[in-house]
Amino acid sequence: LVEGGAFNAAKLRRSRQRVRDLGYFKKVEMTNVPGATPDRTVVTVEVEEQSTGEIAFGAGFSTSNGVLGDVSLRERNLLGRGQDLRIGFSLSERSQEVDLSFTEPYFLDRNLSAGFDVFRIVRDLQDESSYDESITGISLRSG
């Protein structure tokens, strides 16, 4: 639907479904009532937000790294703008990892997703190679 455009019930249903599919709202209600003139319709959208944040914990065992733990925080609708921000930490007997990820779903106000990932990995390889490994990096994404 476009403001000022011709009313189309199929487009109204499609718009409602697209808002629901965002996953940001528990409830999406759209109603239309006649406007001030016979050729106008007023469409009212009522939404009820739902939590978009996540926290995750993990634990496990690896034959190469031993006991390991993982924690991450994620917000899928940062500041109500649809941006996705995630930070994660992993710790094991032989390695530590931290990563930060950010995605902008409408880069430059276009239907183009863009983001970046920043990470740091430190591994203790003293037992088999007599050295430690540190990797720091960044990657850019678009699509």
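The values are calculated or read from the model by the stated rules, or taken from the named source; none is laboratory data. Fair warning: this is a prediction, and the values are worked out from it, not measured in the lab. As a convention, Cβ positions derive from the backbone with ideal geometry for all residues, glycine included, and neighbour counts pool all protein chains shown. Quick note on the areas: whole protein, heavy atoms, side chains included, nothing else; ligands and nucleic acids left out. Shrake-Rupley method; radii C 1.70, N 1.55, O 1.52, S 1.80 Å.
So what is the relative contact order for the chain, in percent, with contacts set as C-alpha pairs under 8 Å and at least six apart?
Taking the mean separation of contacting Cα pairs over the length of the chain, I get 12 percent.
Using r as the Cβ-Cβ distance of LYS11 and ALA56, and R0 as 30 Å, what FRET efficiency do you calculate, to the nearest 0.05?
0.20
Using a 7 Å offset from the Cα along the Cα-to-Cβ direction at both PHE102 and VAL118, what is the distance between the two label points in nm, to one decimal?
0.8
Please report, as a whole percent, how much of the solvent-accessible surface of the chain comes from carbon and sulfur atoms (probe radius 1.4 Å).
Carbon plus sulfur share of accessible area: 53 percent.
Could you tell me the calculated FRET efficiency between GLU93 and ASP21, based on Cβ-Cβ distance and R0 = 35 angstrom, to the nearest 0.05?
Computed FRET efficiency for GLU93 and ASP21: 0.25.
Which ³J(HN,Hα) values in Hz, rounded to whole numbers, follow from the phi angles of the stretch 134-143 under the Karplus curve 6.51 cos²θ - 1.76 cosθ + 1.60, where θ = phi - 60° and Gly and Pro get x?
10, 10, 10, x, 9, 9, 10, 10, 7, x
What are the ³J(HN,Hα) values, in whole Hz, obtained from phi via the Karplus relation 6.51 cos²θ - 1.76 cosθ + 1.60 with θ = phi - 60°, for each residue of the stretch 67-77 in sequence order, with x given for Gly and Pro?
Per residue, the Karplus-derived 3J(HN,Hα) values read 5, 9, x, 8, 9, 9, 10, 9, 10, 8, 9 Hz.
Would you work out if the stretch 9-49 is rounded, prolate or oblate? Take a ≥ b ≥ c from the square roots of the eigenvalues of the alpha-carbon gyration tensor; rounded if a/c is under 1.5, else prolate when a/b is larger than b/c, oblate otherwise.
oblate
Using a Förster distance of 35 angstrom, determine the FRET efficiency expected from the C-beta separation of GLU3 and LEU73, and round it to 0.05.
Working from the Cβ atoms, E equals 0.40.
Tell me the angle of helix 9-21 to the major Cα principal axis of the chain, expressed in degrees between 0 and 90 and rounded to the nearest ten.
20
Ranked from the most accessible area to the least, with a 1.4 Å probe and all protein chains present, what is the order of ARG74, ARG94, ARG110?
Highest to lowest solvent-accessible surface, that is ARG110, ARG74, ARG94.
Residues with amide H under 5 Å of THR41's amide H, sequence separation 5 or more or different chain, H placed in the peptide plane at 1.01 Å from N; which?
GLY35
Divide, for the chain, the radius of gyration over alpha carbons by 2.2 N^0.38 Å, where N is the residue count.
Scaled against compact globular proteins, the figure is 1.60.
Compare LYS26, LYS11 by solvent-accessible area with a 1.4 Å probe and give them largest first, with all protein chains kept in place.
So, going from the largest accessible area down, we get LYS26, LYS11.
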